[in-house]
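A short worksheet on the structure shown next.
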Amino acid sequence: MGETEHIIGLLLGTEEDWPRAFETLVRRLGVISGENGTAHRLTTRRVTIEPFDLRYKPRHSLVIDRLAYWYYHPREWLKKAALMDDVYLLNSPFTFQSMEKHAAYCAMMRLGLKVPDTVLVPYKNPPENTRYAYTAARYNQPFDLDEVAGSLGYPLFMKPYDGGAWVGVSKIRNSAELHAAYDESGERLMHLQQAVEGYDVFARSLTIGPETMVMRFRPELPMHDRYAVDHNFLDAGAGEEVVTISRLVNAFFRWEFNSCESLVSGSEVHPIDYANACPDVSLTSLHYYFPWAMTALLRWSAFCVVTGRQPRLDTDTRRYFDIGDDPDLSYGEKLAAYRGLADEYFETERYQEFCATRLGHVDEMVHEWVGSSAFDDLLVETVTSTFPPHEHDRFVAHFRGLLGAWVNDNTKPLR
C-alpha cells in the first residue's frame, strides 16, 4: 500500500525562523500510521502569490496562514480554498474582522467574561468620503468626550478598535491626556476601555489546536524579554480559567492558532486582548517556549490531515449564546460548559489519543533537534538578521542560555 502525501502550505510574510523550524520538523517526522493502518507523510510548500483561477483545485491539505490578516489577495485565495476545495485552514478567513477587537469584545461580553467596560467613540477626523458631511450633519450626535471617560473612570486606555502590536495604545490618566490622544488618533476609530489597576500578573496564552501554553508576560520590556520563564506564577484556579478562556475564544471564532492576553487580579481573570489569530511565534520572542510552539503546531497539523478532520466554517454561535444568556448558570458553570464545547470542537480526547499512539516519538525528536548544531545555526542566523551587529554576541549568548535551559528541563531522567 502506498503513502498518502499531505502538503502543508505556509502562507508567510517576513518571518523566516519558525517556518524553517517547522519545515525541518516535518522532514524529520517520517511516516505516520493512520487509524486504518494507512501510511501518511507530511510535506511543506511555501505558498506563492499569483493570479488564480477560481476553479483551480489546490493540492494543499492544510494551510498555516501568517499573511492574509493584512494582505487581501491571499485572503481571497484562502476563502476560495475553504469554500470550494475543503482545504483545512487553522484560522477561518471568514472571522478575520473579529481580529479587529470590537466584535471579539462584544461576543465575549455576551458570554459573561470579565472584559473591562468599553466604549467605541466616533472618529476624531472624518473619513474621506463625499457623503460624510451630509450624513454627519443629519445623524451624528454631539458628545462630551470627558463625560464618556468619566463614566468609565480614570485611568483608562484608548486603543484602536482594529489595533495590534500595541500600536496606537495610550494609557489615559486625566482629561489633558484624553484629548491629546483623541486628537492624535485622526481617522482611526478608537475604543476607550477601563484599566484594570493593581493587577497581580499579566498572562499571555498561546493556543494551537487543543494545546495551550500560559506564559508570564511583561509588556513594558523589550520584545526579547517580555516572556518570563516562570512555571508557577498562577494558582491552579486562575491558570485553568485562562486556559478555558483561550480555548473558548478559539472555538467560538474557529481559530486554532491564536493568543490571548489576560490580567489576573486575585481570583479575577480579565481578558483584555484575545483576537490575535496571527500570533507572534518568533524564536527571539518565545525563546524558551519556541520548541513547545513548534511541537504543538506540528502535532495539530498532523492530526488534522491524517485523521481527515473536516474544516468547520459555520461558527454555531447560538450554542454559546444559550449558555451565556442562561440566568440560572453561575460563572463557573458557564466556563465549564464553554470548556465542553471547546473540547468537542477540538476533539480533545481523540487528539490526545492520536498524539500518544501515532506521534509518541515527536517530543524526543524535537528535544534532539533543539540540542543540535543545526538548531544552533538557525538561532545564530535569526539573531544576526534581527539585531544590530554590536548586539550579536550578547543575544546569541542570551538565547542559547534560554534554549539550553529548555533542553535541560525537558531531558528525561535515565532509568
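Readers should treat all values here as calculations from the given coordinates under stated rules, not as data from a laboratory. Quantities reported herein were computed from a predicted structural model and do not represent experimental measurements. Cβ sites come from the backbone with ideal geometry, for glycine too, and all protein chains shown count toward neighbours.
Given R0 = 51 Å, the distance between the Cβ atoms of ARG46 and ASP200 translates into a calculated FRET efficiency of 0.75.
Between GLU364 and ASP328, the simple label model (points 7 Å from Cα in the Cβ direction) yields a spacing of 5.3 nm.
Highest mean first, the peptides 53-62, 359-368, 210-219 sorted by other C-beta atoms within 10 Å per residue fall in the order 210-219, 359-368, 53-62. Comparing ASN174, ASN91, ASN258 in a Gaussian network model of the chain, where Cα atoms under 10 Å apart are tied by springs, the biggest mean-square fluctuation is seen for ASN174. Residues THR43, THR14, THR382, THR411 in ascending order of nearby Cβ atoms (within 10 Å, fewest first): THR14, THR411, THR43, THR382. With only Cα atoms counted, region 3-99 has Rg and Dmax values of 14.3, 41 Å. Relative to its Kirkwood radius, the Cα radius of gyration of region 363-409 gives an Rg/Rh of 1.02. The largest-to-smallest principal axis extents of the Cα set in region 265-415 are 59, 38, 35 Å.
Sorting check: for 125-132, 293-300, which peptide has the highest mean count of neighbouring beta carbons within 10 Å, and how do the rest follow?
293-300, 125-132
Taking label points 7 Å from Cα along the Cα-to-Cβ direction, ALA137 and THR14 give a separation of 4.4 nm. One way to sum up the overall shape of region 151-273 is the equivalent ellipsoid from its Cα gyration tensor, whose semi-axes run 27, 17, 14 Å, largest first.
Tell me whether region 227-294 comes out rounded, prolate or oblate; compute the Cα gyration tensor, take square roots of the eigenvalues as a ≥ b ≥ c, and use a/c under 1.5 as the rounded threshold. It is oblate, given that a/c is not under 1.5 and a/b is not larger than b/c. Neighbour counts of C-beta atoms inside 10 Å place ASP377, ASP144, ASP85 in the sequence ASP144, ASP377, ASP85, starting with the fewest.
Taking a ≥ b ≥ c as the square roots of the eigenvalues of the Cα gyration tensor, region 329-396 is classed as oblate, since a/c reaches at least 1.5 and a/b does not exceed b/c.
Run the numbers for ALA39 and ALA103: contour at 0.36 nm per residue of separation, minus the present Cα-Cα distance, in nm.
Additional length available on full extension: 18.8 nm.
What is the fewest-to-most order of HIS179, HIS231 by other Cβ atoms lying within 10 Å of their Cβ?
Placing the least packed residue first, the sequence is HIS231, HIS179.
Here r is the Cβ-Cβ distance between ALA356 and GLU391 and R0 is 41 Å; the resulting FRET efficiency, rounded to 0.05, is 0.45. In terms of its C-alpha gyration tensor, the chain has a prolate overall shape, because the principal axis ratio a/c (a ≥ b ≥ c, square roots of the eigenvalues) is not below 1.5 and a/b outweighs b/c.
Going 7 Å from the Cα of PHE321 toward and past its Cβ, which residues in region 253-267 have a backbone nitrogen under 17 Å from where you end up? Hits in region 253-267 for PHE321 at 17 Å: 253-254.
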